[in-house]
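Derivation of every value follows stated rules applied to the coordinates shown; laboratory data play no part. The structure presented is a predicted model; accordingly, all values stated were derived computationally and were not measured. With ideal geometry, Cβ positions are generated from the backbone for all residues, glycine too; neighbour counts draw on all protein chains shown.
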Amino acid sequence: MSGEENGHQAGDAFAALANEHRMGIIETLWNRRSTEPNSQRTPIAFSELFEASELDDKGQFNYHLGKLVGPFLARSEDGYTLTYAGENIARAVQAGSVTDNPEVEDVSVEGRSCPFCGGDGIVMSYRDGIVFFSCTNCEGLAPESPMSPPGAIQAGTIPASALVERDPADLYDDAILWGNHVYMTLLHGFCPACAGAIDESLVLCDDHDASGGICESCGDRFASRVRYECRVCGTVEWGSLWGRLSYMEPVFGFLYNHGVNALRPSVDDLALGRDLREEVVSHDPPTVEYEFVVGTDHFRVHVDADLAVETVEEEMDSEREIDAED
Ligand SMILES: [Zn+2]
Ligand SMILES: [Zn+2]
Ligand SMILES: [Zn+2]
């Protein structure tokens, strides 16, 4: 199928939704929760769907129903169920009351203290799909990025639904896990949006100068980043290289042995990011080295253009002390 044909078909499919009766059918099906294991939704018979609709004319109802069968509805002997695409539409509508109104007031986070200054003046804010937690007493994860509010401790892209009926303090602890979840999907080669195959590449800032904290050219502290692109839906995601490394051996092991579980990091662990050292070895092909530091222990890895990781050096103060005693 060519991209153009694909586009036409998608356009036709969405046109099929531009009708309140059809959206009503999708909603009726969505609200029928599964009562059987191994099925998301219990099928609904034609007669029941017609009953639930606001139409009196069976022929007219059947016409609208027919427009949905295929892309959004599956028909079986027992009736109708939503397809994956149909469920996504229903989900988007259901969450719409939140996502259409992303103006969320800043709230203070009770019972948590800043990992940098120990103060308890933490505030949660939400802008353009990103949740921020900031300290009102210190500069937080200095130096601040132009994107972040002053004193930002952590920031993460997350759907607005995450804020609904959830204590800000819980989100403070757990927002990072949503990011992990998305990142892990990418790392395993799946697109988090559609499960398509991912192409990944190491990208370096050509003009990197972070001596003032943030590089003006790339807006980041680190020159290296990983670009992920889905071969199917074209979604592009960017992630830090050091974040990726922290989930992978051998860095994961080093951190874990120092009390940091990258799969379930605490907010305090984010302070580690401040002690990282990056060295660009070569721009062409892109090659970098990263040094992770916990306390007085250092761990250095080499990353090549294929994102292959190799340990360069492991320096453990604790081991050196043992050696000295010998
Ligand atoms: Zn602080
Ligand atoms: Zn840069
Ligand atoms: Zn995709």
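Diffusion of the chain by Stokes-Einstein, at 10 °C in a medium of 1.306 mPa s and with Rh set to the Kirkwood radius over alpha-carbon pairs, works out to 68 µm²/s. Peptides 210-223, 289-302 ordered by packing proxy, namely the average of other Cβ atoms within 10 Å per residue, highest first: 289-302, 210-223.
When peptides 24-30, 158-164 are sorted by average Cβ neighbour count within 10 Å, with the highest value leading, the order is 24-30, 158-164. Beyond 25 Å, the tail of the calculated P(r) for the stretch 188-326 holds 34 percent of the Cα pairs. Relative to the compact-globule estimate of 2.2 N^0.38 Å, the Cα radius of gyration of the stretch 102-176 comes out at 1.00.
Label-to-label distance, Ala305 versus Cys233, with points set 7 angstrom from Cα along the beta-carbon direction: 3.1 nm.
Across the alpha-carbon atoms of the stretch 121-254, the computed radius of gyration and Dmax are 15.9, 45 angstrom.
Of all complete DSSP H helices in the chain, those with a Cα span along the helix axis of 20 Å or greater and a mean Kyte-Doolittle hydropathy of -0.5 or more are 84-99, 168-187.
Pro265 sits among other residues whose Cβ lies under 12 Å from its own Cβ, and their net charge, with Lys and Arg +1 and Asp and Glu -1, is -3.
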